[in-house]
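Everything on this sheet refers to the single structure shown next.
Any read-out appearing in this document is the output of simple, stated calculations on the displayed coordinates, not a laboratory observation. Computed from a predicted model, the values in this text were never measured in an experiment. Note that each Cβ is placed from the backbone with ideal geometry, even for glycine, and that neighbours are counted across all protein chains shown.
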Amino acid sequence: MSITAVRGFNDILPGDTEVWRRIEDIAFKIFSAYGFSEIKVPIVEKTELFLRSIGETTDIVEKEMYTFTDRHGDSLTLRPEGTAPVVRAYIEHKLYANPVSKLYYSGPMFRYERPQKGRYRQFYQIGAEILGDLSPRSDAEALTMLMRLFEEIDVRGAELQMNSLGDALCRPVYKQRLKDYLSGVKEKLCENCRRRIEANPLRALDCKNPGCMEATKSAPSILESLCGACKTHFDKVRECLELSGIEASINPRMVRGLDYYTKTTFEITSAGLGSQNAIAAGGRYDGLVEELGGPATPCFGFAIGIERVALLIKENGMERRPLTVFIALGDEAERKGVALLKAWRDRGVRIIEDFSEGSLKSRMKKADRMGARYAVILGDDELKSGTVAIKDMKSASQEKVSWEIAPDRIAIG
Ligand code: HAM
């Protein structure tokens with residue numbers, strides 16, 4: 001029996017990797033234009049980091065972490081997200097000595113979730129974090145950047161939903177109001193929500209259980225409980241987004257699955273992905289740096305799910321770069337081919353040499369099976385006249401061109 005990949009862990013194959021590369025390239029280019037620098041953090045962290053940041057009563061910590069004990073007896077966890085590791089690095093390397101740090105990252109995350117379309121156990125995120133900026137304009141700028149990114153990679157129908165989760169002043173007041181409400185409808189809630197009424201009542205608003213959805217229909221809205229500072233912040237973010245022409249809908253039931261958020265939170269969804277339709281999410285987390293032992297630092301960030309965005313772009317159709325196959329007939333043609341191949345590759349032409357020895361007909365068939373857009377043939381006649389034959393495999397037309405101009409006669413992209 002052959003060995004297959006672990007469930008929920010995927011191979012990303014050629015064809016898809018080009019789509020991924022394009023998403024990353026465009027994202028990094030845009031982030032850089034907004035002043036972000038790349039940070040690379042480890043895939044494994046001390047378990048305690050995630051307990052203290054994501055929150056002990058979240059689904060991620062309760063049910064989804066890949067936690068193990070290493071040979072030394074330390075409890076380690078494969079990172080389920082990137083924000084906590086970035087904040088850990090920010091504190092450890094005293095990056096707070098800079099007035100503002102704008103950091104981005106890309107890489108695999110691990111969550112033991114039920115695999116389905118758009119949801120995997122190893123999945124990839126591109127994330128960005130702004131540490132040290134308290135202005136609501138910073139939230140709006142990051143959101144504008146993100147929407148611009150989706151536009152540029154041709155994700156259609158991206159919708160921004162926003163909420164505010166308040167701060168240390170007003171959230172406890174709201175939590176109490178919600179607890180009181182939930183206690184009144186306790187019998188109608190699922191076991192999980194009932195258990196969490198005390199520790200994490202906000203989760204009940206996000207529960208997909210039909211009974212819980214019905215029972216929480218008229219639960220108090222967090223937006224009505226915001227303190228003055230949080231309300232002003234939220235209004236300003238909305239105003240700045242409006243100025244930038246970004247539409248946002250307000251969803252007071254959006255509570256997010258991580259406990260570190262304060263004030264602005266958001267999700268961007270796109271139709272056409274089924275139930276796993278969030279392509280990016282994030283928000284403000286003004287208390288996290290201090291919680292993890294650093295100085296009080298206001299922060300805002302987000303992460304994009306690469307698999308989900310790649311699924312959308314693939315559905316829109318993305319052309320791969322054309323492939324050319326070079327066929328040399330005989331030893332002398334092979335020797336001449338070395339210089340010609342170099343000239344094409346220097347120009348950025350994507351070209352491979354066919355090293356097989358069959359008839360020209362069988363080698364052309366092979367080039368076709370490899371998906372070649374062009375085949376270049378160098379035989380005795382061409383050697384004599386200082387030319388190559390370039391065949392367009394789509395139209396089946398063929399032309400002879402001199403070695404001097406041949407490098408320019410094949411499309412790059
Ligand atoms: P999150 O909402 O847990 O936030 O994940 C962000 C995005 O990652 C989701 O919107 C989705 O596109 C993708 N994603 C999450 N889980 C999976 C999965 N199992 N399979 C495929 N894609 C998935 C965070 O992770 C926060 N760290 C975002 C953040 C950054 N907040 C502030 N800064």
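Results, tabulated for the structure shown:
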read-out: Ranking of Val237, Val41 by count of other Cβ atoms within 10 Å, fewest first; value: Val41, Val237
read-out: Whole-Hz ³J(HN,Hα) from phi, Karplus 6.51 cos²θ - 1.76 cosθ + 1.60, for segment 277-289, glycine and proline x; value: 9, 7, 9, 7, 7, x, x, 8, 9, 5, x, 5, 4
read-out: Residues Val309, Val185 arranged by fewest to most Cβ contacts within 10 Å; value: Val185, Val309
read-out: Cα-centred dipole magnitude for segment 323-409, charges only on beta-carbon of K, R (+1) and D, E (-1), debye, nearest 20; value: 400 debye
read-out: Using distinct alpha-carbon pairs, which all enter the 1/r mean, Kirkwood radius of segment 323-409 in Å; value: 12.7 Å
read-out: Segment 161-177 - phi-based ³J(HN,Hα) in whole Hz, Karplus 6.51/-1.76/1.60, Gly and Pro as x; value: 10, 10, 8, 10, 9, x, 9, 4, 7, 9, 5, x, 5, 5, 3, 5, 4
read-out: Residue among Asp286, Asp70, Asp206 with the largest mean-square fluctuation in a Gaussian network model of the chain, springs linking Cα atoms under 10 Å; value: Asp70
read-out: Kirkwood Rh (inverse of mean 1/r, distinct Cα pairs), the chain, angstrom; value: 24.7 Å
read-out: Isotropic mean projected area of the C-alpha convex hull, segment 9-113 (nm²); value: 8.6 nm²
read-out: For segment 259-326: Kirkwood Rh in Å [reciprocal of mean 1/r, alpha carbons]; value: 14.8 Å
read-out: Debye intensity ratio in log₁₀ form over the Cα atoms of segment 81-233, taken at each q of 0.09, 0.10, 0.14 Å⁻¹; value: -0.44, -0.54, -1.06
read-out: Cα pair distances exceeding 17 angstrom across segment 51-96, given as percent; value: 43 percent
read-out: GluC sites (Glu not before Pro) within segment 202-258: DSSP coil, no more than 13 neighbouring Cβ in 10 Å; value: Glu247
read-out: Using alpha-carbon coordinates, inclination of helix 331-347 to the longest axis of the chain, degrees; value: 40 degrees
read-out: Among Phe326, Phe355, Phe36, residue whose mean-square fluctuation peaks in a GNM of the chain (springs only between Cα atoms under 10 Å); value: Phe355
read-out: Acute angle (nearest 10 degrees) that the helix 360-369 long axis makes with the longest principal axis of the chain, alpha-carbon atoms; value: 10 degrees
read-out: Using alpha-carbon coordinates, inclination of helix 16-33 to the longest axis of the chain, degrees; value: 60 degrees
read-out: For the chain, calculated [θ]222 nm from helices alone, where every DSSP H run of n ≥ 4 adds -39500 (n - 2.57); value: -10500 deg cm²/dmol
